[in-house]
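See below for the structure under consideration.
The values are calculated or read from the model by the stated rules, or taken from the named source; none is laboratory data. In this text the structure is predicted, and so the values were computed from the model without any measurement. Cβ sites come from the backbone with ideal geometry, for glycine too, and all protein chains shown count toward neighbours. All accessible areas refer to the heavy atoms of the entire protein, side chains included, with ligands and DNA or RNA removed. Shrake-Rupley method; radii C 1.70, N 1.55, O 1.52, S 1.80 Å.
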Amino acid sequence: MKRFSPGAAAALALSAVITVGSVSLLGPCVHEDGSFGSCHWAGQALLGIGLLLAVLSLAALLVKDGRLRAGMLFAAAAAAILGIFVPGTLIHLCGMATMRCRAVMRPAMTLLCALTALSCLTGGIAAYRKAGSEK
Amino acid sequence: MKRRSLAVKNLLRKPGRTSALVILTALLALSVFGGSVVVGSLRQGFRSLESRLGADIIVVPSSAQSKVSFQNMLLQGTNGAFYMDGKNLDRVREVAGVELAAPQVFLASLKADCCSVKIQVIGFDPETDFFVRPWIEQSYTRQLGDLDVVVGSKVESGVGEIIRIYDERCKVVGRLAATGTGLDTAVYCNLSTMKMLLTAAEEKGVSHKVSSDESDDRISAIYVKVKDGYDIGAVNSEIQGHTRKCSAVRTKSMLTDVSDSLSAISGTVATLIGAIWLLSLVILVVAFVMIANERKREFAVLRLLGTSRAMLGGMILKESALCSLAGGALGVLTASMLVFPFTTLIETRLGLPYLRPSAGTITALALAALAATVMVGSLASSWASFRLSRVDPGTVLREGN
Amino acid sequence: MILSAEQISKRYFRKSGEANHFYAVKPLNLMLRPGTVTVLCGRSGSGKTTLLHILSGLLTPTEGRVLLGETDLYSLSDKELSKLRNASIGVVPQARSVLDTLTVKENILLPSLLYGTEDRSEEAAHWMDTLHIDGLADSRASELSGGELRRTAIARTLCMHPPVILADEPTGDLDDENTQLVFGCFRKAAEEGAAVLIVSHEIDALNNADVAFRMDGGQLSTLS
């Protein structure tokens, strides 16, 4: 099992966007008075999830064992699904739909996490099947 | 393997070539579907604004700023707080031809704790109002009590929740349907609640007095409905003459401004889509011609084995149709992922009323985009396929000897 | 079924000495009979391949006609001619003619699938076995050597049992052993009633011929 995994590579790229995005363009805004609301913590949680996803998908890209790779990708998929529920469901966001956390962060992160989960799942299934056929 | 599946096999076993074509056609579908949803939403938003603005004339304080501020409030949901003497309401009512005149009072909250932003509070008089009430009655049929508020669709507070405005605890009793306008970000209350809020604001050091007038009675806007048979322009001039430090704006002229911006944006989007299509079409034709040249030998072999020109043309057409169908679906999907979740962002950036069309309209747009993409893909390949089917297989097979 | 060429010629417009045209094939008559292996030899550029393409219905002659039984090939519509070629004329071209997107087995079965005729999987297996490419059934053309590609093209032709077989340098890429094998296959096809024409410059081909012709400057002459 040395084959390159496109699923893991896509997940790595997406998790990099999640990680960097959560503290920059795609993150919550800082209020004019310097204070921050719960949306700030949603952004921090997404930063953590993004980092976890990056580590898992990078490891999945590097390991040679098919079952190990599949396991890592499935774990990453679960983390990405968790990421979908962080902004708005698990952690409250601001009360106005026009605020950046609702207008930008939530839709962007939902989309990115969903795509990451999809990449991880397809990559994981492919790795699992490949490992099974090599036995 | 059947002959039918030969086209599918050709596509699947040349993944590089197929993906390039799929991506190219996806770009076509993405631009036309994404663009038409945005333009459709703008049109829908405009219709919504038109039906929401049930007044013929709107009277606002005469300062240039307040007029702009009012329009921005309506279109973009920015905060507006401007006032005029409440006596102007009686003066307007005295003008011949005025059927209804309803006052509204605006207040921009300090950072309300619900939203971490200033929100616009709009007070209206349930007795005379014809502007907000029909809309509110869709979601809340009872009289609004003191400190009861109804929130616009973009204020993320549920019914029963408490919003604190200048430390007054206001209870959310209803949520309004989306209009796609700036009215969606406001909070609505009756005039006595508004009075309490204004007093609370003053206690916090925020003054809302009309500078030249010490009267306590202040209003921000008057919505006027003109009696049938009266000329709106004439009534407008009459109101202008009767009131003090006010300017009467015809709703129609305000809508014309919006409709002009709308046409400008629609035009830009249409030009952009046109340019993308033209470019993609040229690239597609070139791509198909190049692919056809590369596959000349393959087609010559098929002719040698007994494939007729018509069968060969059909096969090429089928391949390109399948490619563009896949590309079209991918494009529509990508556009959906970009346009729908970011509706609010697009609306804020455009600064115009923006309301998503019905699911039926969106489905129709998606199908149309898909059909157009498949048509263009097939059209682009048909020239290449025609040229190929005329090629003499004997000559082609000799070329590589 | 007899394939006969009557006074066919092929003229191209090209500056050639005094004239502004030249004959790739000068007017000639040729008859391919069932049960006979005919060998056509000659130097390159002598018009052999042009003649073979005219006989197979791929290249319209300037003059004359080609008859398969009673049917004049070039009086048929493209649709009719294509169908006739599929069923009755098996061509092994000199150039590489195996499709890259298909496996060896799919390539061999391709002609039989074009008009949805009967399942020829068994014949395909038989010819793959005979031509020693049975182990490659599921390989793609891009993975094959020149000799394997050539044998695949031959198996594809033989699998259809056409009454006429036209093969252009069929043993060009083959070693001695496989050359003998292929000539053996053509001989067997002739014994089963096919009219076989082999264009070749190999001595072995002449040894396998019932009738032999030489082509020189577009002119056909009988070899004794």
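I'd like the full set of residues that are more than 7 Å from chain B (Cβ to nearest Cβ) and at negative phi, limited to segment C:69-86. Explain how you work it out, then say what you get.
As a first pass, look at segment C:69-86 and keep what is more than 7 Å from chain B (Cβ to nearest Cβ): C:69-77, C:80-81, C:84.
Hits for segment C:69-86 are C:70, C:71, C:72, C:73, C:74, C:75, C:76, C:77, C:80, C:81, C:84.
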Exercise. Which residues, counting only those in segment B:60-71, are out of contact with any helix residue (DSSP H, G or I) (no Cβ under 9 Å at 6 or more places or on another chain), polar (S, T, N, Q), in a helix (DSSP H, G or I) and surrounded by fewer than 21 Cβ atoms within 10 Å (Cβ to Cβ)?
Worked result: B:65, B:69
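Going residue by residue through segment A:38-46, is there one that turns out to be free of Cβ contacts under 8 Å to residues at least 60 places away in the same chain and within 15 Å of the chain's Cα centre (by Cα)?
Step one: filter segment A:38-46 for residues free of Cβ contacts under 8 Å to residues at least 60 places away in the same chain, giving A:38, A:40-41, A:44-45.
Next cut, within 15 Å of the chain's Cα centre (by Cα) only: A:44-45.
Yes: segment A:38-46 contains one or more residues that are free of Cβ contacts under 8 Å to residues at least 60 places away in the same chain and within 15 Å of the chain's Cα centre (by Cα).
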Problem set entry | Residue list for segment B:298-310, restricted to those being more than 7 Å from every other protein chain (Cβ to nearest Cβ) and either under 13 Å from residue C:81 (Cα atoms) or surrounded by fewer than 19 Cβ atoms within 10 Å (Cβ to Cβ) (or both) | B:303
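Please state which one of A:34, A:27, A:50 is modelled with pLDDT of 95 or more and not polar (S, T, N, Q). Even if it seems obvious, please write down each step before you answer.
On the way: A:34 fails: modelled with pLDDT of 95 or more; A:27 fails: modelled with pLDDT of 95 or more.
Among A:34, A:27, A:50, only A:50 is modelled with pLDDT of 95 or more and not polar (S, T, N, Q).
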Exercise. Among the residues of segment B:283-292, is there at least one that is farther than 30 Å from residue C:81 by Cα, open to solvent by 20 Å² or more (accessible area, probe 1.4 Å) and at pLDDT 90 or above?
Worked result: no
For this session: Please name all residue pairs, on different chains or six or more residues apart, with Cβ atoms under 7 Å, provided the first residue is in segment B:354-375 and is touching a residue at least 12 places away in the same chain (Cβ under 8 Å) and the second residue is part of a loop (DSSP other than H, G, I, E, B) and surrounded by 13 or more Cβ atoms within 10 Å (Cβ to Cβ).
Result: B:354/B:180; B:355/B:178; B:355/B:179; B:355/B:180
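Given the criterion in a helix (DSSP H, G or I), over 14 Å from residue A:27 (Cα atoms), open to solvent by less than 10 Å² (accessible area, probe 1.4 Å) and away from every other protein chain (no Cβ under 14 Å), identify the matching residue among A:75, A:59, A:127.
Values: A:75 fails: open to solvent by less than 10 Å² (accessible area, probe 1.4 Å); A:59 fails: open to solvent by less than 10 Å² (accessible area, probe 1.4 Å).
When all the criteria are applied, what remains is A:127.
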Problem set entry | Given (1) of a type in the set (D, E, K, R); (2) under 23 Å from residue B:72 (Cβ atoms); (3) surrounded by fewer than 17 Cβ atoms within 10 Å (Cβ to Cβ), number of the condition residue B:161 does not satisfy | (2)
Exercise. Within segment C:96-134, can you find the residues that are away from chain B (no Cβ under 12 Å) and crowded, with 19+ Cβ neighbours inside 10 Å?
Worked result: C:104, C:127, C:128, C:131, C:133
For this session: Only residues that are open to solvent by less than 10 Å² (accessible area, probe 1.4 Å) and either in a helix (DSSP H, G or I) or among the polar types (S, T, N, Q) (or both): list them for segment A:87-107, please.
Result: A:101, A:103, A:105
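Would you mind finding the one in B:366, B:372 that is more than 14 Å from chain A (Cβ to nearest Cβ), at pLDDT 90 or above and within 30 Å of residue B:76 (Cα to Cα)? Spell out the reasoning first.
On the way: B:372 fails: within 30 Å of residue B:76 (Cα to Cα).
Checking each option against the conditions leaves just B:366.
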Problem set entry | Test for residue B:44: is it open to solvent by 40 Å² or more (accessible area, probe 1.4 Å), within 24 Å of residue B:260 (Cβ to Cβ) and touching a helix residue (DSSP H, G or I) at 6+ places or on another chain (Cβ under 7 Å) | no
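Which of the residues belonging to segment A:88-101 are within 12 Å of chain B (Cβ to nearest Cβ) and in contact (Cβ under 8 Å) with a residue 24 or more places away in the chain?
In the first step, residues of segment A:88-101 are kept if they are within 12 Å of chain B (Cβ to nearest Cβ); the result is A:88, A:92-101.
Correct list: A:88, A:92, A:93, A:94, A:99, A:100, A:101.
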Exercise. Just a yes or no: is a residue in segment B:168-179 modelled with pLDDT of 85 or more, in contact with a Ser or Thr (Cβ under 9 Å, 6 or more places away or on another chain), basic (Lys, Arg) and not assigned by TED's automatic domain parsing to the domain that holds residue B:352?
Worked result: yes
Exercise. In segment A:47-70, what residues are without any contact (Cβ under 8 Å) to a residue 40 or more places away in the chain and either aromatic (Phe, Trp, Tyr) or within 18 Å of residue A:129 (Cβ to Cβ) (or both)?
Worked result: A:63, A:68
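Would segment B:331-346 turn up any residue that is modelled with pLDDT of 85 or more, in contact with a strand residue (DSSP E or B) (Cβ under 9 Å, 6 or more places away or on another chain) and open to solvent by less than 40 Å² (accessible area, probe 1.4 Å)? Show your work before the answer.
Start the filter on segment B:331-346 by keeping residues that are modelled with pLDDT of 85 or more, which leaves B:331-346.
Adding the requirement that they be in contact with a strand residue (DSSP E or B) (Cβ under 9 Å, 6 or more places away or on another chain) leaves none.
No - not one qualifying residue is present in segment B:331-346.
So if I check each of B:158, B:152, B:97, which one is more than 14 Å from every other protein chain (Cβ to nearest Cβ) and in contact with a strand residue (DSSP E or B) (Cβ under 8 Å, 6 or more places away or on another chain)?
On the way: B:158 fails: more than 14 Å from every other protein chain (Cβ to nearest Cβ); B:152 fails: more than 14 Å from every other protein chain (Cβ to nearest Cβ).
None of the other options fit; the residue is B:97.
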Exercise. Out of B:89, B:74, which single residue is modelled with pLDDT under 85 and within 15 Å of residue B:58 (Cβ to Cβ)?
Worked result: B:74
Seminar exercise, completed: Within segment A:6-37, restricting to residues that are open to solvent by 40 Å² or more (accessible area, probe 1.4 Å) and touching a Leu at 6+ places or on another chain (Cβ under 7 Å), the one that is nearest to residue A:70 (Cα to Cα) is A:12
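Residue by residue through segment B:131-158, note down the ones that are of a type in the set (Asp, Glu) and either crowded, with 18+ Cβ neighbours inside 10 Å or at pLDDT 85 or above (or both). Spell out how you get there, then give the answer.
Of the residues in segment B:131-158, the ones of a type in the set (Asp, Glu) are B:137, B:146, B:148, B:156.
Those that are of a type in the set (Asp, Glu) and either crowded, with 18+ Cβ neighbours inside 10 Å or at pLDDT 85 or above (or both): B:146, B:148, B:156.
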Seminar exercise, completed: Scanning segment C:26-74 residue by residue, those among the β-branched types (Val, Ile, Thr) and either open to solvent by 20 Å² or more (accessible area, probe 1.4 Å) or in contact with a Lys or Arg (Cβ under 7 Å, 6 or more places away or on another chain) (or both) turn out to be C:36, C:37, C:49, C:50, C:54, C:60, C:62, C:71
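Scanning for something farther than 30 Å from residue B:77 by Cα, polar (S, T, N, Q) and within 14 Å of another protein chain (Cβ to nearest Cβ), does segment B:330-344 turn up at least one residue? Explain how you work it out, then say what you get.
Pass one, segment B:330-344, residues farther than 30 Å from residue B:77 by Cα: B:330-333.
Those still in the list that are polar (S, T, N, Q) too: none.
No, that holds for no residue.
Yes/no per residue for (1) within 14 Å of the chain's Cα centre (by Cα); (2) more than 23 Å from residue B:398 (Cβ to Cβ); (3) assigned to a strand (DSSP E or B):
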{"site": "C:53", "(1), (2), (3)": "yes, no, no"}
{"site": "C:59", "(1), (2), (3)": "yes, no, no"}
{"site": "C:64", "(1), (2), (3)": "no, no, yes"}
{"site": "C:67", "(1), (2), (3)": "no, yes, yes"}
{"site": "C:83", "(1), (2), (3)": "no, yes, no"}
{"site": "C:95", "(1), (2), (3)": "yes, no, no"}
{"site": "C:98", "(1), (2), (3)": "no, no, no"}
{"site": "C:101", "(1), (2), (3)": "no, no, no"}
{"site": "C:107", "(1), (2), (3)": "no, no, no"}
